[in-house]
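Written out below as structure tokens is the structure these notes cover.
Taken together, the values in this text are just the output of simple stated rules run on the coordinates, not laboratory data. Treat the numbers as computed from the prediction; the structure is a model and nothing was measured. Every residue, glycine as well, gets a Cβ built from its backbone with ideal geometry; the counts of neighbours run over all protein chains shown.
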């Protein structure tokens, strides 16, 4: 199954994540199908989460399932956009 999930980058106490489309059987930092956004939890609230909404809609439309964390971030971004 294809999932939309976070891929960890950064250093100790300075995390940085990329929002990626990846096979669920691959390791967290393994090869990805596509990178569709970023998440930096230590930034200010407005700059924490950036994602290509069109690509997210496409991947969900073809059956990709977002992880729990990505689902929360997408919901939070959608509320902030309203």
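How far apart, in nanometres, would the label points at residue 31 and residue 69 be if each is projected 7 angstrom from Cα along the Cα-to-Cβ direction?
2.3 nm
Pulled fully out, how much extra length does the chain show between residue 24 and residue 55, if you take 0.36 nm times their separation in residues and subtract their Cα-Cα distance?
9.3 nm
As a check on your grasp of the helix formula, calculate [θ] at 222 nm for the chain: sum -39500 (n - 2.57) over DSSP H runs of n ≥ 4, divide by the residue count, round to the nearest 500. Present the calculation step by step, with values, prior to reporting the outcome.
Working: 2 runs with 23 residues, N = 82.
Result for the chain, helices only: -8500 deg cm²/dmol.
Under the 0.36 nm per residue contour assumption, what length would be gained going from the current alpha-carbon distance of residue 77 and residue 14 to full extension?
Computed gain between residue 77 and residue 14 is 20.5 nm.
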